[in-house]
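S.K.: Got a structure for you, questions after.
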Amino acid sequence: MKYTSSTTTVPDAPKVPRHVAIIMDGNGRWATKRFLPRVAGHVKGVEAVRDVVEACARRGIEYLTVFAFSSENWRRPEEEVSLLMRLFVTALEREVSKMHANNIRLKVVGDLTRFEPKLQEMIAAAERKTANNTRMTVTVCANYGGRWDIMQAIGKMVATHPGVTDFTEEQLAPHLSMAYAPEPDLFIRTGGEERISNFLLWQLAYTELYFTDTYWPDFTAERLDEAIASYQNRERRFGRTGDQLAEKTTT
């Protein structure tokens, strides 16, 4: 199924967000605060991912997208990047079977060509194994950037429509890396920063934004509920007026 853009149609605004997107920030600072090496924060962060996946599934959230490694994260120290790659491999080895047993589909989006062949093969195998699962879709954005996503979609769109120079959103949308999912209802960023950092630039156009000082390793199911409660207090107008929403509610 392909989903349309929230700037061309008015989507549903469910009470429980259908799609939650998260920037999992603060692993390193969590470790530093405890006089631990940064690696300890990343390891603890993987455990937090597992807990949040389970919490989202219990709450009926259909899509969870997490920003695991951005295209800009290659600028980090080589040792830390190497560690993150090893953690990715370990997480795939440990978690995919559990996700499959719980009817959860795994998708990994981004420019995967920069990863080692072994990791690419593991990602492909995990996606194949969980492809028909229907309870929830967990997307891991790895070597991903929002601008990269838009540019690769433009390239595919142009190749699909040779000779055409005037395009529409509807022609571009199917080529975005997450065309299989509705646009996020709720975006969460942990760790105290208040920016979207090149994450899902196209898809976040009408998403409700939630920022918390909580470091990612400390982000629990209770913290998730706080974010959902904040979302539920928002008036999602999608360009309409509050009066129009009130009229719709009473009719």
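The values are calculated or read from the model by the stated rules, or taken from the named source; none is laboratory data. In this text the structure is predicted, and so the values were computed from the model without any measurement. We place every Cβ from the backbone using ideal geometry, glycine too, and count neighbours over all the protein chains shown. These accessible areas exclude ligands, DNA and RNA; they are computed on the full protein's heavy atoms, side chains included. Shrake-Rupley method; radii C 1.70, N 1.55, O 1.52, S 1.80 Å.
S.K.: Going through 18, 29 one at a time, which residue ends up being closer than 30 Å to residue 172 by Cβ, charged (D, E, K, R), modelled with pLDDT of 95 or more and out of contact with any helix residue (DSSP H, G or I) (no Cβ under 7 Å at 6 or more places or on another chain)?
M.R.: Answer to the selection: 18.
S.K.: Are any of the residues in segment 62-76 within 29 Å of residue 14 (Cβ to Cβ) and assigned to a helix (DSSP H, G or I)? Break it down into steps so the answer makes sense when it comes.
M.R.: Restricting attention to segment 62-76, the residues satisfying the condition of being within 29 Å of residue 14 (Cβ to Cβ) are 62-68, 70.
Pick out the ones that are also assigned to a helix (DSSP H, G or I) and you get none.
No, the conditions are met nowhere in segment 62-76.
Listed here are the residues, each with its yes/no results for (1) open to solvent by 30 Å² or more (accessible area, probe 1.4 Å); (2) farther than 22 Å from residue 27 by Cβ.
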{"position": "80", "(1), (2)": "no, no"}
{"position": "93", "(1), (2)": "yes, no"}
{"position": "97", "(1), (2)": "yes, yes"}
{"position": "101", "(1), (2)": "yes, yes"}
{"position": "106", "(1), (2)": "no, no"}
{"position": "113", "(1), (2)": "yes, yes"}
{"position": "121", "(1), (2)": "yes, yes"}
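S.K.: Under 6 Å between Cβ atoms, which residue pairs at least 6 apart in sequence (or on different chains) link something in segment 30-47 that is open to solvent by 70 Å² or more (accessible area, probe 1.4 Å) with a partner that is assigned to a helix (DSSP H, G or I) and not small (Gly, Ala, Ser)?
M.R.: 44/217
S.K.: So, one more: Which fully enclosed helices (runs of 4 or more DSSP H) of segment 106-181 have 2 or more residues being touching a Leu at 6+ places or on another chain (Cβ under 6 Å) and more than 22 Å from residue 61 (Cβ to Cβ)?
M.R.: Values: elements: 117-130, 146-160, 169-172.
So the answer is 117-130, 146-160.
S.K.: Between a residue in segment 189-218 that is under 16 Å from residue 19 (Cα atoms) and any residue that is open to solvent by 30 Å² or more (accessible area, probe 1.4 Å) and aliphatic (A, V, I, L, M), which pairs come within a Cβ distance under 8 Å, given they are 6 or more apart or on different chains?
M.R.: Qualifying pairs under 8 Å: 189/196; 189/209; 201/150; 202/150; 204/196; 209/196.
S.K.: If you take the residues in segment 123-180 that are modelled with pLDDT under 95 and among the acidic types (Asp, Glu), which one is surrounded by the fewest Cβ atoms within 10 Å (Cβ to Cβ)?
M.R.: 166
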